[in-house]
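Throughout, read-outs are computed from the coordinates displayed, never taken from laboratory work. Predicted model, so just to flag it, every value in this text is computed and none were measured. As a convention, Cβ positions derive from the backbone with ideal geometry for all residues, glycine included, and neighbour counts pool all protein chains shown.
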């Protein structure tokens with residue numbers, strides 16, 4: 001027996017072939033066996049190692065969901081449940097895993113801004129935010145959409161790219177609303193209304209696509225005509241402002257003159273009504289005064305007629321400036337005629353100014 005057979009051979013000796021060349025595979029195999037050599041364990045040690053591994057594997061089934069999150073449980077990559085904040089248990093990995101998206105975080109997306117690649121390459125103005133209004137005018141509009149996750153499962157698995165879906169749907173909704181709004185209203189009085197209608201329409205579109213997204217707010221930042229025509233548009237706006245000012249002045253004048261005319265008309269009507277009442281009352285008074293005279297006439301016609309005649313003649317002669325005396329009757333021969341001197345009194349002469357001497361005063 002050779003003595004060399006009883007001596008252990010080294011690993012580098014095993015890697016040398018019979019012909020004296022180095023065996024690479026033998027070297028690699030020997031190195032790996034040296035690295036992964038495990039210590040020899042007894043039965044108890046093996047059981048303890050298995051228990052530790054088993055406990056560590058079972059601990060993978062515990063997970064905690066934070067207050068601003070929701071847990072999406074996946075079983076072999078398929079969505080099976082959604083859990084609320086708190087401590088939960090699922091089947092150990094790799095059977096089930098959990099995704100924890102932030103459901104209370106408010107995200108924002110800018111819409112209607114940013115030049116397109118072709119426009120930027122050609123040096124043209126941005127047309128990404130240009131929209132057609134209800135009265136066939138072009139405006140550039142942009143805004144911000146604020147959104148958050150409503151349903152984590154739908155958000156993660158129903159839509160491939162939720163952010164792109166929100167941006168595309170928001171731009172479409174904004175164009176739809178502005179296409180039904182006149183340019184003047186879109187730039188001034190209806191901005192908030194446009195934002196509210198856009199949010200409602202956008203939420204409807206996302207719900208139809210089961211995106212699992214809730215739109216919290218839409219804010220319009222800029223609605224104005226394109227830069228190339230903004231000067232002409234400003235001229236039109238100034239003309240409309242002048243028109244509105246003239247209309248307001250005319251309305252103010254009408255508000256001033258119409259009440260006064262109505263007041264004068266009411267005053268004239270009341271005066272006419274008062275005159276009517278006065279005339280009617282006088283007529284009633286004269287009629288009431290005539291009734292006793294009528295009764296007297298009916299009782300003594302001759303006496304009443306004579307008295308009426310004498311009263312009438314007396315009233316007429318009170319205003320006469322001449323007196324006619326009938327001398328043919330009896331008992332009137334002693335009447336002495338008189339001359340009314342006041343009737344022949346000369347009227348006063350007007351005063352005439354005396355001219356001053358030509359030489360002046362000394």
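Taking every Cα atom in region 236-293, find the radius of gyration and the maximum pairwise distance Dmax, and write them in Å.
Gyration radius and largest Cα-Cα distance of region 236-293: 25.0, 85 Å.
Taking 0.36 nm per residue of sequence separation and subtracting the Cα-Cα distance, how much length would be gained by fully extending the chain between residue 184 and residue 229, in nm to one decimal?
Between residue 184 and residue 229, full extension yields 14.7 nm more.
Compute the distance in nm between two label points, each set 7 Å from the Cα along the Cα-to-Cβ direction, one at residue 264 and one at residue 91.
About 9.7 nm separates the two model spin labels.
Which shape class, rounded, prolate or oblate, goes with region 169-264 when its Cα gyration tensor gives a ≥ b ≥ c as root eigenvalues, a/c under 1.5 marks rounded, and past that a/b bigger than b/c marks prolate?
Here region 169-264 falls in the oblate category.
Would you mind putting 275-288, 158-171 in packing order, based on average other-beta-carbon counts within 10 Å, highest first?
By packing density, highest mean first, the sequence is 158-171, 275-288.
Could you work out how far the C-alpha centroid of region 167-235 sits from that of region 253-281, in angstrom?
56
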